[in-house]
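J.: Could you have a look at this structure, given as structure tokens, before my questions?
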Amino acid sequence: MNAYAERFIKSIRKECLDWFIIFKEKQLRNIIKEYIHNYNNYRPHQGINGIPNGKYPPENNKGNIKKQSLLFRLHNHHYREAS
């Protein structure tokens with residue numbers, strides 16, 4: 001179990017916390033909450049062929065590609081709009 005926690009701490013520091021100057025605990029909690037949401041919902045997962053958790057490739061691929069900024073514009077999520 002310790003290896004999983006260490007990997008998560010490494011990921012959150014490298015991909016998120018090292019990019020912010022944090023002044024208050026509330027700010028830190030908001031950043032971590034946003035990162036966890038991004039990590040669980042938008043990040044490609046190796047165990048399921050690079051598909052984000054709970055998302056499957058859309059059957060209709062004719063819509064426009066849209067961009068959604070995450071983590072205060074630190075990361076971006078691209079998705080296809082429904083046609």
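J.: Rank the residues Arg80, Arg7, Arg73 as a footprinting-exposure proxy: fewest other Cβ atoms within 10 Å of their Cβ go first. Please report the intermediate quantities before stating the final value.
T.: Numbers: Arg80 14, Arg7 10, Arg73 7.
So the ranking, lowest neighbour count to highest, is Arg73, Arg7, Arg80.
J.: Amide H to amide H, which residues 5 or more places from Phe20 or on other chains are under 5 Å from it, using H placed in the peptide plane?
T.: Here nothing satisfies the definition.
J.: Using the per-residue mean of other Cβ atoms lying within 10 Å as a proxy for protection, in what order, highest first, do the peptides 25-31, 64-70, 12-18, 35-41 fall?
T.: Highest to lowest by the protection proxy: 35-41, 12-18, 25-31, 64-70.
J.: How long is the gain from Lys24 to Ser69 if the chain were fully straight, where each residue apart is worth 0.36 nm and the alpha carbon distance is subtracted?
T.: Difference between extended and current length: 13.9 nm.
J.: What's the local net charge at Ile12, with K and R +1, D and E -1, over the other residues with C-beta under 14 Å away?
T.: Local charge sum for Ile12: +3.
J.: Something else now. Among residues other than Lys66 whose Cβ falls under 9 Å from its Cβ, what is the net charge (Lys/Arg +1, Asp/Glu -1)?
T.: Numbers: positive: Lys67, Arg80; negative: Glu81.
Local charge sum for Lys66: +1.
Quick note: the coordinates plus some simple rules give every number you see, no bench work behind them. Note that this is a predicted model, so its numbers are computed, not measured. Here the Cβ is made from the backbone with ideal geometry for all residues, glycine too, and neighbour counts use every protein chain on show.
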